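What follows draws every value from the coordinates through simple rules; no lab data is involved. Note that the structure is a prediction, hence the values are computed from the model and not measured.
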Amino acid sequence: MSKLSSFLAVASLWLFSGAACSIKYSANGASIDPKAKTVMVGYIENRAPQNNPQLSQQVTEKLRQKILGQTRLTQTNDANADYEFKGTITGYSISNAAVTNIDKPASARLTITVNITFIKRVGDKKGFSKQSFSRSADFDAGKTITEAEPRLLQEIVPNLVDDIFNRAFANW
């Protein structure tokens, strides 16, 4: 191997090893500024006209768990955290999703909407500042919302949290 080939091989390894990058990428696609150490996920308040009293806690905890489990950030209650999430649940609605041939609902849909404010205090500060996220799930219209809700929330809440996480850290 010539000296030029050796040099190019070493330079390529150094370049692709991340030594020249200022943003770190994780295996899950999250990009976190190397200077960022802390995150504050504030309590996501439920202001929907119709609501589940446990929904705020579920969304807040799932978001914290996702961030702490898939990044190197640590949770803090410091108002000057490197990254901050705060938000409100603004929508919790039930609608017909499909109707039978005798004008009777065959399935219904629960839709939850969350408004999130994301503040970056370190790095390039690109990303979103405020955004609305909405997810839905269908259920048999023969069931009451009380009967269907536990399964629906197990589907909707993780999907909402994934959307928020991906928008904040995967820049989609």
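May I ask you to compute the full-extension gain from residue 107 to residue 145, defined as 0.36 nm times their residue separation minus their alpha-carbon distance, rounded to one decimal in nm?
Details: separation 38, 0.36 × 38 = 13.68 nm, distance 1.15 nm.
Gain on stretching residue 107 to residue 145: 12.5 nm.
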Rounded, prolate or oblate (a/c below 1.5 giving rounded, otherwise prolate when a/b exceeds b/c) for region 31-169 by Cα gyration tensor: prolate
